[in-house]
Amino acid sequence: MMLRYFLPALIGVVTLGIWEIWVVLAHIPPFVLPAPRAIFAALLANADTLFSALWMTLYITAMAFFWAVISGVALAVIFTRARMIEMAFYPYVVTLQVTPVVAIAPLILIWVGFDNVDRALILIAWIVAFFPMLTNTVQGLRATETGLHELMTLARARWWQRLIYLELPAAFPSILTGAKISGGLALIGAVVAEFVAGSGTSTGLAWRIIEAGNRLEIATMFAALLLLSLLGIFIFYALSFVEWLALRRWHESFQSKST
């Protein structure tokens, strides 16, 4: 069990050590590749600015993720209840997913207005995070065992009883899997949205990366990238922890790990 945490930590320390030594011995300029010590120094020197930007990026990501979960589950329920609605709208959902968000982000910024940049960023990030939530929920709802449906039919269950007491609990593992994917994509969408916004009104980490790059403050860029990576890791493991709490007592995937 300890190896699961010790080995990644060891590899990380060794990598940082090699990086530090290589930068010094090869005389690499700091504006090309800063040493790890310079990156951590830049992180400490710009802690107030970077952590406020981190909070802004986290806010955009959390809001986009929240609406992706709500809208994805709601639309999945509608699709599984009404086949005609799914046939009519699913191609447009796929079109929205496969269209590069970078291409439509400027239009969203114009339509929403530069006075409401935060709303535009949330909408752009939502577009990226929405599709996995929808598809995983639809798959989970339709994967319910036929025998259980037959029991609900014998019990004369109404459609909403079938949904609440059978299909949603059975689809819960798939919903959580979709949430884990959407959480990371919401962060990616937030970063892409901030890059596209290209305005000082966007004070997230992506804007700080652009700002530091324009000033050739490469160590600060790496510090912002470090915070973005740590935020992504936090989101993934937080959602994994929620999945473990929800499924560990009854789902077979966790039962097999515990035995």
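Per-structure values
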quantity: Among (1) farther than 30 Å from GLY113 by Cβ; (2) of a type in the set (S, T, N, Q); (3) touching a residue at least 60 places away in the same chain (Cβ under 8 Å); (4) not in a helix (DSSP H, G or I) - the single one THR137 does not satisfy; calculated: (4)
quantity: Single match in GLU86, GLU150 (criterion: at pLDDT below 85, among the charged types (D, E, K, R), in a helix (DSSP H, G or I) and farther than 22 Å from ALA64 by Cα); calculated: GLU150
quantity: Matching residues in the range 112-146 - criterion: being over 30 Å from GLY189 (Cβ atoms) and either of a type in the set (Val, Ile, Thr) or surrounded by 15 or more Cβ atoms within 10 Å (Cβ to Cβ) (or both); calculated: THR144, THR146
quantity: Count of residues meeting criterion [in contact (Cβ under 8 Å) with a residue 12 or more places away in the chain and either surrounded by fewer than 12 Cβ atoms within 10 Å (Cβ to Cβ) or over 21 Å from ILE175 (Cβ atoms) (or both)] in the range 147-162; calculated: 1
quantity: Condition met for TRP160 (out of contact with any Asp or Glu (no Cβ under 6 Å at 6 or more places or on another chain), within 20 Å of VAL192 (Cα to Cα) and not aliphatic (A, V, I, L, M)); calculated: no
quantity: Selected residue [within 30 Å of TYR59 (Cα to Cα), among the small types (Gly, Ala, Ser) and part of a helix (DSSP H, G or I)] from ALA125, ALA170; calculated: ALA125
quantity: Cβ pairs under 6 Å, 6+ apart, first in the range 25-39 and farther than 15 Å from ARG215 by Cα and free of Cβ contacts under 8 Å to residues at least 60 places away in the same chain, second of a type outside the set (D, E, K, R) and surrounded by 15 or more Cβ atoms within 10 Å (Cβ to Cβ); calculated: ALA35/VAL23; PRO36/LEU16; PRO36/TRP19
quantity: Residue match in the range 138-157 (condition: within 30 Å of LEU205 (Cα to Cα) and under 20 Å from the mean Cα position of the chain (by Cα)); calculated: no
quantity: When residues of the range 194-221 are limited to those that are crowded, with 22+ Cβ neighbours inside 10 Å and among the polar types (S, T, N, Q), the one modelled with the lowest pLDDT; calculated: SER202
quantity: Failed item, numbered, when THR144 is tested on (1) outside any helix (DSSP H, G or I); (2) without any contact (Cβ under 8 Å) to a residue 12 or more places away in the chain; calculated: (2)
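One line per residue, one yes/no per condition, for (1) touching a Leu at 6+ places or on another chain (Cβ under 6 Å); (2) at pLDDT 90 or above:
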{"residue": "PHE6", "(1), (2)": "no, no"}
{"residue": "ALA9", "(1), (2)": "no, no"}
{"residue": "ALA26", "(1), (2)": "no, no"}
{"residue": "PRO36", "(1), (2)": "yes, yes"}
{"residue": "ALA45", "(1), (2)": "no, yes"}
{"residue": "MET63", "(1), (2)": "no, yes"}
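The values are calculated or read from the model by the stated rules, or taken from the named source; none is laboratory data. Computed from a prediction, not measured in an experiment: that's the story for all the values here. Cβ sites come from the backbone with ideal geometry, for glycine too, and all protein chains shown count toward neighbours.
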